[in-house]
Amino acid sequence: INLDALTYAGNAASLADIERQFGGSRYFFEHGDICDRALVVSLFEKYEIDTVVHFAAESHVDRSILGPEAFVKTNVMGTFTLLDAARAAWKTADGALRQDVLFHHISTDEVYGSLGATGYFTETTPYDPRSPYSASKASSDHLAMAYAHTYGLPVTLSNCSNNYGPYQFPEKLIPLMILNMLEGKPLPVYGDGKNIRDWVYVEDHNNAVWAIMQKSVSGEKWNIGGENEWENITLLQSLIDIVSEKAKLDPEKVRGTITYVTDRPGHDRRYAIDCGKLKRELGWKQGVSFAEGLERTVDWYLGNTAWVEGIRSGEYQSWIKQNYGMR
């Protein structure tokens, strides 16, 4: 059961194949907001939901700096609404909570703040959020764990590093750079380009979540990472080589479009995840190398120009208008 508000970054076309194959049998789409308590409660009843995987979030740091209210609403109040609705739905006749259910909360490594040149975030690293986005996610993490400890709600939590792969909305770094290269647009790089991020392929992230859902006990927290650190500028140089070769572009001409722009406020210097606990205790490991993942990602954007054009033109939102009107 997919509950999605279909905000600017929501695209029904991304799940069209699932809809065609499983719609009405194994897949059900519900258009709505996780902050709408009446709706959320009704969905728990309608589908007799026993598992929640809470991916829903406002997630773009730049947008949180310009407009933090939406992040507080969705990431904090939306998480509260889901948790509280789950607690009500999973309460037994004697007032106890069922233990054959699960609420898995998806979060980010950004809640930990910024690292220096060495060291890694572990599950016990103190929280030190630096942006409205990371502060809202830190708040949601604390709420999720509070519901586990206070009410006994079966909760697990994961904090992941930067995701990449197919279907990612083009405001994110990798698809933005790929599409700008193809269109001959400037490649904007914040500051000196030496901010470091750990990257994990989207399928590896989801496999980790599935392992946690299957094997973790309630109240546990897990870090998910690619063990794959790159300076933004070095990543961009590699991406230029791949896209130039596949799209028959002149790599040196593309490099000439790199444009250094004023760094964003509070830009964390380095993130790096220690995911050793997940590997040791649940047997998960990354299955896609960064070289392979970048190749797959570039191939997907090159091979799905209709999806990209739908995003660029705004046509992707016509499905929402036709089926629901603009909410």
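Please treat every number below as a calculation from the coordinates, not as lab data. This structure is a prediction, so every number in the text was calculated from the model and none was measured. With ideal geometry, Cβ positions are generated from the backbone for all residues, glycine too; neighbour counts draw on all protein chains shown.
Results, tabulated for the structure shown:
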| read-out | value |
| --- | --- |
| Qualifying residue in the range 246-264 (condition: under 25 Å from TYR133 (Cβ atoms) and among the aromatic types (Phe, Trp, Tyr)) | yes |
| Of residues in the range 128-161 being part of a strand (DSSP E or B) and not hydrophobic (A, V, I, L, M, F, W, C), the one farthest from SER64 (Cα to Cα) | THR156 |
| Residues satisfying the stated conditions in the range 176-189, i.e. in a helix (DSSP H, G or I) and in contact (Cβ under 8 Å) with a residue 60 or more places away in the chain | MET177, ILE178, LEU179, ASN180, MET181, LEU182 |
| Residue within the range 69-84 that is over 26 Å from HIS149 (Cβ atoms), crowded, with 16+ Cβ neighbours inside 10 Å and not charged (D, E, K, R) present | no |
| Filtered residues of the range 195-206 (kept if touching a helix residue (DSSP H, G or I) at 6+ places or on another chain (Cβ under 6 Å) and either surrounded by fewer than 16 Cβ atoms within 10 Å (Cβ to Cβ) or not in a strand (DSSP E or B) (or both)) | ASN195 |
| Cross-chain or 6+ apart pairs with Cβ under 6 Å, the range 86-100 first and in contact (Cβ under 8 Å) with a residue 60 or more places away in the chain, then outside any loop (DSSP other than H, G, I, E, B) | ALA86/VAL52; ALA86/PHE103; ARG87/TYR151; TRP90/LEU97 |
| Options THR257, THR234, THR262, THR305; residue that is surrounded by fewer than 17 Cβ atoms within 10 Å (Cβ to Cβ) and under 24 Å from SER64 (Cα atoms) | THR262 |
| Count of residues meeting criterion [assigned to a strand (DSSP E or B), hydrophobic (A, V, I, L, M, F, W, C) and over 19 Å from the mean Cα position of the chain (by Cα)] in the range 64-109 | 2 |
| Condition met for ILE224 (in contact with a His (Cβ under 7 Å, 6 or more places away or on another chain) and either among the β-branched types (Val, Ile, Thr) or over 25 Å from ASN75 (Cα atoms) (or both)) | yes |
| Where ASP192 falls short, out of the listed (1) part of a loop (DSSP other than H, G, I, E, B); (2) crowded, with 21+ Cβ neighbours inside 10 Å | (2) |
| Residue match in the range 35-44 (condition: within 29 Å of VAL217 (Cα to Cα), in a helix (DSSP H, G or I), touching a Cys at 6+ places or on another chain (Cβ under 6 Å) and in contact (Cβ under 8 Å) with a residue 12 or more places away in the chain) | no |
| Restricting the range 265-290 to residues that are of a type in the set (A, V, I, L, M, F, W, C) and under 21 Å from the mean Cα position of the chain (by Cα), the residue that is surrounded by the most Cβ atoms within 10 Å (Cβ to Cβ) | CYS275 |
